[in-house]
Amino acid sequence: MVKKEICKYWQSGCCNRHPCPFLHGDGGEGWNVNVNPKPNVWVRDKEEKKETLSSMSMSMVWRRNEEEKEKVKERCPYPCKYFLVGKCKYGDRCRYLHTWSWSTGPARARAPDFSLLTPLHGHHKAITAILLPSASDKLISSSQDGTLKFWNCHTGQCISTRNFGSEIGCIMSDGPWLFLGLRNSIKVYNFENNTQFTLLGPAGLVYALATHHDKLFAGTQIGQILVWRFSPANNQFYPAASLTGHRDAIRSLIIGGATPALYSSSQDNSIKAWDLTTLECVHTLSDHTDAVMSLLFWEQFLLPCSLDKTVKVWAKKDNGALELIYTHTEEHGVLALQGTIDATGQSVLCCSVNDHTVRLYNLPSFERRGRIFAKKEVRALQTGPSGLFFTGDGTGDLKVWKWSTD
């Protein structure tokens with residue numbers, strides 16, 4: 001006779017009883033991937049304000065409460081590694097999770113409050129960036145396989161592939177412009193007037209791009225940040241400056257803050273802030289002990305993540321100096337950050353960790369919301385409209401996720 005209680009060993013991913021007298025998931029049937037087979041529309045409306053983490057004002061309590069600290073001690077169930085590659089022979093009898101995601105909370109057997117909407121297949125190597133431009137019905141993805149793919153947001157079908165012959169380090173859009181960070185160059189497209197050209201100058205792969213007014217910034221593999229200025233008279237970008245100071249590859253560029261500045265993170269373990277007018281370095285943060293992989297702004301706070309297993313929170317003081325106010329620690333190195341908004345309007349941080357998972361946390365409490373499992377490390381994260389967000393892993397798998405409204 002099967003008991004009504006849920007098996008605590010199944011919850012920890014280590015039950016070896018077949019059959020088990022306790023419940024495994026929902027009535028012993030196991031968890032299944034919630035894939036909607038119907039065509040889905042995931043278009044960013046032209047007039048829609050892009051959802052960002054700064055769209056919600058909250059009290060700034062950067063810590064877990066005592067109840068949440070106890071939850072952290074609990075083990076997350078393990079996904080079946082054979083299920084992840086489609087080769088598990090045990091089916092519902094498998095003692096590990098058969099699901100691409102897992103949700104925390106008291107109701108352990110309930111489905112997550114986010115679900116896999118659809119997988120997009122086509123890339124053969126790691127996805128390096130995902131982009132959903134405003135007023136576009138096309139999702140764009142880039143990969144180490146050298147291809148740029150355009151996906152129809154109404155059908156999920158790949159409608160175009162462009163092969164550049166070598167790894168694409170990053171992609172970024174600004175209005176009608178699309179920028180691709182390549183090895184030793186940047187490819188520029190303008191879809192409004194159907195023009196394209198190449199910017200030369202970078203040494204090595206371009207890992208990060210950012211724009212501010214008429215300036216284009218590119219972070220390179222050798223630690224330089226190159227700057228171009230746009231001339232509307234002839235629709236061209238011209239070299240303007242080279243920002244030096246980092247000693248290793250630039251991994252992330254972001255513009256933000258109450259008084260906007262350019263922030264750069266590097267494999268030299270540091271973060272630098274640059275004045276957008278003078279292009280001089282005004283701050284250097286050296287609190288990380290390993291490569292700083294990604295930067296994110298939420299409200300007025302700067303959140304960097306690092307291979308030293310931490311996500312730090314920085315705030316600007318009245319005198320303009322940056323102050324470290326909180327450090328969140330993971331069990332593994334942190335690769336990428338992205339913000340999303342759930343169906344209730346709660347700000348959620350997506351945190352990709354190099355154990356092949358994406359951890360989700362409420363902000364600012366860092367209360368756990370769940371995990372997403374992948375075949376390999378997820379290095380590309382992106383948010384979209386209407387509760388959508390995207391992940392791209394090291395095998396080339398691109399997945400579309402959606403927050404549940406129930």
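Only the coordinates and a few stated rules stand behind these numbers; no lab work does. These figures come from a predicted structure and were not determined experimentally. Methodologically, a virtual Cβ is constructed for each residue, glycine included, from the backbone with ideal geometry; neighbour enumeration extends over all protein chains shown.
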Discussion item. Multiplying the sequence separation of THR155 and TYR238 by 0.36 nm and subtracting their Cα-Cα distance, what value in nm do you get?
Written reply: 26.0 nm
Practice prompt. Return the long-range amide H neighbours of GLY370 (sequence gap of 5 or more, or a different chain), with a cut-off of under 5 Å between placed amide H atoms.
Written response: THR104, LEU360
Discussion item. For a 21 Å ceiling on Cα separation, which of these pairs sit above it: LYS125/LYS399; LYS272/LYS312; LYS215/LYS272; LYS149/LYS187; LYS89/LYS402; LYS81/LYS376?
Written reply: LYS89/LYS402
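Taking every pair of alpha-carbon atoms in region 114-403, give the share separated by more than 24 Å as a whole percent.
Numbers: 20838 of 41905 pairs.
It works out to 50 percent of all Cα pairs.
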Worksheet item: Nearest 20 debye, what's the magnitude of the dipole of region 114-403 about its Cα centre given +1 on Lys and Arg Cβ and -1 on Asp and Glu Cβ?
Response: 560
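Give, to the nearest whole percent, the P(r) tail of region 129-279 beyond 25 angstrom, counting all Cα pairs. List each step's numbers first, then the result.
Values: 3213 of 11325 pairs.
For region 129-279, the fraction of Cα-Cα distances above 25 Å is 28 percent.
Enumerate by residue number the trypsin sites (Lys or Arg not before Pro) in region 243-311 meeting two conditions: DSSP loop (anything except H, G, I, E, B), and at most 14 other Cβ atoms within 10 Å of the site's Cβ. It would help to have the intermediate numbers written out before the result.
Working: sites: ARG247, ARG251, LYS272, LYS309; in loops: ARG247, LYS309.
Here the trypsin sites (Lys or Arg not before Pro) that fit, given the DSSP loop and packing criteria, are ARG247.
Identify the GluC sites (Glu not before Pro) of region 224-326 meeting these criteria: DSSP loop state and at most 15 other C-beta atoms within 10 Å of the C-beta.
GLU280
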Worksheet entry | Extension gain (nm, one decimal) between PHE197 and THR344, 0.36 nm per residue minus Cα-Cα | 48.6 nm
Practice prompt. Report Rg (one decimal) and Dmax (nearest whole number) for region 323-406, counting Cα atoms only, units Å.
Written response: 12.7, 40
Fill in: Karplus 3J(HN,Hα) series, Hz, for region 297-309 with 6.51 cos²θ - 1.76 cosθ + 1.60 (x for Gly, Pro)
9, 10, 6, 9, 9, 9, 10, x, 10, 9, 5, 7, 6
Worksheet, complete the sentence: Residues whose built amide H sits under 5 Å from the amide H of LEU182, excluding neighbours closer than 5 in sequence, are GLY169, LYS187, VAL206
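Within a Cβ distance under 14 Å of LYS375, other residues only, what is the Lys/Arg minus Asp/Glu net charge? Could the numbers behind the result be given before it?
Working: positive: LYS81, LYS87, LYS125, LYS376, ARG379, LYS399; negative: ASP355, GLU377, ASP393, ASP397.
Overall, the nearby charge balance is +2.
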Worksheet item: Which far-off residues, 5 or more places away or on another chain, put their amide H under 5 Å from the one on GLN346, with H placed in the peptide plane?
Response: none
Discussion item. Please compute the length gained on full extension between GLU280 and PHE164, using 0.36 nm multiplied by the number of residues separating them and subtracting their Cα-Cα distance.
Written reply: 38.4 nm
